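Working notes for the structure below.
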Amino acid sequence: MLPGCRIISRQEADAKALEVLYKFPSLQTFRQENNLALKAFDFFWYARSEKIILLDSDVLTFDRITCLDECLAWSWNLFLKDYQYAFNINKAGFRMFSAAASYKPINTGFGVVSQETLNLDVANTFIETMDRNFCPFWAEQTLYAIMSAPFGVELLDDSFVVAKEPGLTGITMKHYVWKNRDLARLEGVPIIAMRLRDPLNHTQSIVANDAGKVGLQRLQ
């Protein structure tokens, strides 16, 4: 499905991290303690193109992403729109990093970012100034928002959503974040399974009710 893809073992990635982060012990500790830190750092060490596509394993697609080629050509960093500001710092904190303009409700479950986004000096300052009790689930996302400031931040349209409630009508992509994983099983996976059984049929639309009961409806 992904010709030419390379699977990198955790052992190999950890060895690379020691090499790259040798001047940043705080970042080394952060990466060891927070698995999401790998998403903030490691992608950039191995990327061979100008753009990186972020795609979490709990993201499901229900329609063609027709804008992807266009997104790859844009100069700014592009993300899903979250239903909240899931950051470790507020807008005043973003100003401290000269990143007030990127204080937008991004969600990194899916995104298209520049290969030059990673800034270890900025990341190190952020980690060293954070209270050790900061929310570990939001640290990687906060880093992406701050480090995206030089490129600008844009959000995908409302057909690309972060799961908050049932419903798939008009949805291209849905990110089933940790507390809504059961919703993926109830509404998302059945749709994907039905379409896999009939991959050549594109005359179907998704229908869903408020209780999350979903199905495919053949278009007339």
For region 19-56 the number of residues that are crowded, with 16+ Cβ neighbours inside 10 Å, among the aromatic types (Phe, Trp, Tyr) and under 15 Å from Asn124 (Cα atoms) is 3
Assess whether Leu68 counts as being within 15 Å of the chain's Cα centre (by Cα), within 28 Å of Gly167 (Cα to Cα), of a type in the set (A, V, I, L, M, F, W, C) and loosely packed, with under 13 Cβ neighbours inside 10 Å. yes
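Out of all the residues in region 87-102, is one or more in contact (Cβ under 8 Å) with a residue 60 or more places away in the chain and either surrounded by fewer than 21 Cβ atoms within 10 Å (Cβ to Cβ) or under 11 Å from Ala40 (Cβ atoms) (or both)?
No; the residues of region 87-102 include none that is in contact (Cβ under 8 Å) with a residue 60 or more places away in the chain and either surrounded by fewer than 21 Cβ atoms within 10 Å (Cβ to Cβ) or under 11 Å from Ala40 (Cβ atoms) (or both).
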Counting only residues that are of a type in the set (S, T, N, Q) and assigned to a helix (DSSP H, G or I), which one in region 1-38 is farthest from Gln141 (Cα to Cα)? Gln11
Counted residues in region 118-139 being within 14 Å of the chain's Cα centre (by Cα) and either modelled with pLDDT of 95 or more or surrounded by fewer than 18 Cβ atoms within 10 Å (Cβ to Cβ) (or both) come to 2
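The values are calculated or read from the model by the stated rules, or taken from the named source; none is laboratory data. Quick caveat, the model's predicted, so the values are computed rather than measured. Every residue, glycine among them, receives a Cβ derived from its backbone with ideal geometry; neighbour counts consider all protein chains shown.
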